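This report refers to the structure that appears directly beneath it.
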Amino acid sequence: MIRADHIVKSFDSRTVLDDISVEFETGKTNLIIGRSGSGKTVLLKTLVGLHAPDRGSVWYDDVEFTSLGFRERKVIRKEIGMIFQGGALLDSSTVEENVRLPLDLFTAQSEAEKRERVDFCLRRVRLEKANRLYPAELSGGMIKRVAIARAIVMNPRYLFCDEPNSGLDPQTSIVIDNLIHEITHEYGITTIINTHDMNSVMEIGEKIVYIHEGHKWWEGTNDEILHADNAELNAFVFASAMAKRARRAAR
Amino acid sequence: MFRTLQLIGRYFILMGKVFSRPEKIAIYRRRILYEMEALGMNSIGLTAIISVFIGAVITLQMSINLDSPFIPQTLIGYATRETMILEFSSAVVALILAGKVGSSIASEIGTMRITEQIDALEIMGVNSASYLILPKIVAAMIFFPFLAILSIVVGIFGGWMIAYVTGIMIPADYLDGLLLDFRPYSITYTLIKMVFFAYIITSVSAFYGYNARGNSLEVGAASTRAVVVSCVVVLLFDLILTQVLLI
């Protein structure tokens, strides 16, 4: 379980997150949704410690993450996997080197064990023959899949995804969504996905939090979202034709 | 003034992170070798080309300006040697490297910052400052003194070559001048300077790259600032080290 407790975050004089409290459930695909610029990415980065909140705290199970120092955070960070919007693969390293980096730095595994683990993770994301390729040689979907492989290589307990579908075609988006969803349930990970893709919301969202102008506006499941009595949320959700059809079908 | 002090403070905070205990020495060793190739080996060509021409030009200019029956021609070889050893091979080569290596470091790390590669390292629990910057600093401090030696050798050769090709002076006099009143300490002095300059160029450039924010324009601006500040600091330390080591 990950819990944000009364988080406030400002940049200069602009308040980006205003008193946000939310709990993300273990073993579920939790989604943070909202318009562009609503504060989703800042919330996600605050949860993983890339931004320090001005007020409030972040809890990983019973540990208050925000009060920990760099060395203490390292223990929790080894249990975190994150998929960035652009993949954030190291340009100067091959696919294999990118995926095995955490193993090289933080484990005492033998070369054979590391190679086996990297191959397993790459197989898991269906990228068997890409070991020697560099990020510049990969397509957008392949970059995201390598990022997923790197995120799961250390068997994380928490998985964060910042707009994993951005820049991908609808078919590849579904593949990425399903992959994250499968991995979440397979390993019982607490997954938090930041998205404004309604396909993802309807397909894999088990708990959904809607952020609007830095405030938590609504939270619930993907069934509840279609019947929510919230004008802002409805305007966001039913801007998508797919969601409109889903509501008609539900009725 | 306050902003300058703030900048210096942030630089030292970053250096504190850079020199904290590395995660795994073996990984750093591999990265140091990689950086020695990227920063050092790839600068050999540029250093050699510039040094050979500057050595030749110094010899030509000395020959033209010291053209007097009262001044022995051996002085031309002597002056070329001293100029190459004492100043060109360390300070001027360092300024050239600040342009080549400094801008490359700042733009590489700056791009990593804006494409969230540094954030990705931090999330993994990696000390990104140490992982990215320390190998560059160590590699440059090891390799740049070799570039200084290369510059001295090639520059002096350039002087001899121009004497031989143009006949502006007797090459044997040039060689005699090279051996005139030679003090090995001059080499030590230049190597010490180069180690300091290597640290300045890599750490200052990495600082600007690491703190780049925004978009590609910001990375370009950070790269420019890195080169300018590196050059100024190199010149300042050239003065200080000359005062400390030679006087």
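Among the residues making up segment B:204-234, those that are out of contact with any Asp or Glu (no Cβ under 8 Å at 6 or more places or on another chain), in contact (Cβ under 8 Å) with a residue 24 or more places away in the chain and among the small types (G, A, S) are B:S205, B:A206, B:G214, B:S216, B:G220, B:A222, B:S223, B:A226, B:S230. In segment A:61-80, the residue that is surrounded by the fewest Cβ atoms within 10 Å (Cβ to Cβ) out of those that are under 24 Å from A:E163 (Cα atoms) and within 8 Å of another protein chain (Cβ to nearest Cβ) is A:K78. Note on segment A:12-23: residues that are out of contact with any helix residue (DSSP H, G or I) (no Cβ under 8 Å at 6 or more places or on another chain) and either among the basic types (K, R) or modelled with pLDDT of 90 or more (or both) amount to 7. If the condition is being among the hydroxyl-bearing types (S, T, Y) and within 17 Å of B:L95 (Cα to Cα), then segment B:33-70 contributes B:S43, B:T47, B:S51.
Examine segment B:204-212 for a residue that is assigned to a helix (DSSP H, G or I) and closer than 17 Å to B:T83 by Cβ, and state whether such a residue exists. No - not one qualifying residue is present in segment B:204-212.
So which residues in segment B:81-116 are surrounded by 24 or more Cβ atoms within 10 Å (Cβ to Cβ) and within 14 Å of chain A (Cβ to nearest Cβ), if there are any at all? Within segment B:81-116, B:I105, B:I109, B:G110, B:M112 meet the criteria. Can you find, within segment B:196-217, the residue that is modelled with the lowest pLDDT among those that are surrounded by fewer than 16 Cβ atoms within 10 Å (Cβ to Cβ) and of a type outside the set (S, T, N, Q)? Checking each candidate, the answer is B:G214. The residues on offer are A:V58, A:V99, A:V42, and the sole one that is crowded, with 16+ Cβ neighbours inside 10 Å, without any contact (Cβ under 8 Å) to a residue 60 or more places away in the chain and assigned to a strand (DSSP E or B) is A:V58.
When A:T172, A:T195 are checked against the criterion of being of a type in the set (S, T, N, Q) and within 11 Å of the chain's Cα centre (by Cα), a single residue qualifies: A:T195.
Which ones in segment B:91-148 are of a type in the set (D, E, K, R) and either more than 20 Å from B:K17 (Cα to Cα) or not in a helix (DSSP H, G or I) (or both)?
Selection gives B:K100, B:E116.
Note on segment A:19-39: among residues that are surrounded by fewer than 21 Cβ atoms within 10 Å (Cβ to Cβ) and either among the hydrophobic types (A, V, I, L, M, F, W, C) or outside any loop (DSSP other than H, G, I, E, B) (or both), the one that is farthest from the other protein chains (Cβ to nearest Cβ) is A:D19.
When A:V201 is tested against (1) aliphatic (A, V, I, L, M); (2) closer than 13 Å to A:I32 by Cβ; (3) surrounded by fewer than 18 Cβ atoms within 10 Å (Cβ to Cβ), just one condition goes unmet, and that condition is (3). When B:R21 is tested against (1) in a helix (DSSP H, G or I); (2) farther than 30 Å from A:K144 by Cβ, only condition (1) is not met. The residues of segment B:157-192 that are in a helix (DSSP H, G or I), of a type in the set (A, V, I, L, M) and either in contact with a helix residue (DSSP H, G or I) (Cβ under 6 Å, 6 or more places away or on another chain) or under 26 Å from B:F237 (Cβ atoms) (or both), listed by number, are B:I162, B:A163, B:L178, B:I187, B:L191, B:I192.
Applying the set (1) within 14 Å of chain B (Cβ to nearest Cβ); (2) surrounded by fewer than 21 Cβ atoms within 10 Å (Cβ to Cβ) to A:L159 leaves exactly one unmet item: (2). Scan segment A:220-229 and tell me whether some residue there is touching a residue at least 40 places away in the same chain (Cβ under 8 Å), buried (at least 17 other Cβ atoms within 10 Å of the Cβ) and part of a helix (DSSP H, G or I). The answer is no, given that none of the residues of segment A:220-229 is touching a residue at least 40 places away in the same chain (Cβ under 8 Å), buried (at least 17 other Cβ atoms within 10 Å of the Cβ) and part of a helix (DSSP H, G or I). Tell me the residue from B:P72, B:P22 that is in contact (Cβ under 8 Å) with a residue 12 or more places away in the chain and under 30 Å from A:A108 (Cα atoms), please. Sole residue among the options that is in contact (Cβ under 8 Å) with a residue 12 or more places away in the chain and under 30 Å from A:A108 (Cα atoms): B:P22. Answer with yes or no whether A:E128 is more than 12 Å from A:R150 (Cβ to Cβ), at pLDDT 90 or above and away from chain B (no Cβ under 14 Å). Here the answer is no, as A:E128 does not meet what is asked. Restrict the check to segment A:110-121 and report whether at least one residue is within 9 Å of another protein chain (Cβ to nearest Cβ), under 25 Å from A:L44 (Cα atoms) and crowded, with 19+ Cβ neighbours inside 10 Å. The answer is no; no qualifying residue exists.
The values are calculated or read from the model by the stated rules, or taken from the named source; none is laboratory data. Source: prediction; values computed, not measured. So basically every Cβ, Gly included, is an ideal-geometry build from the backbone, and we count neighbours across all protein chains shown.
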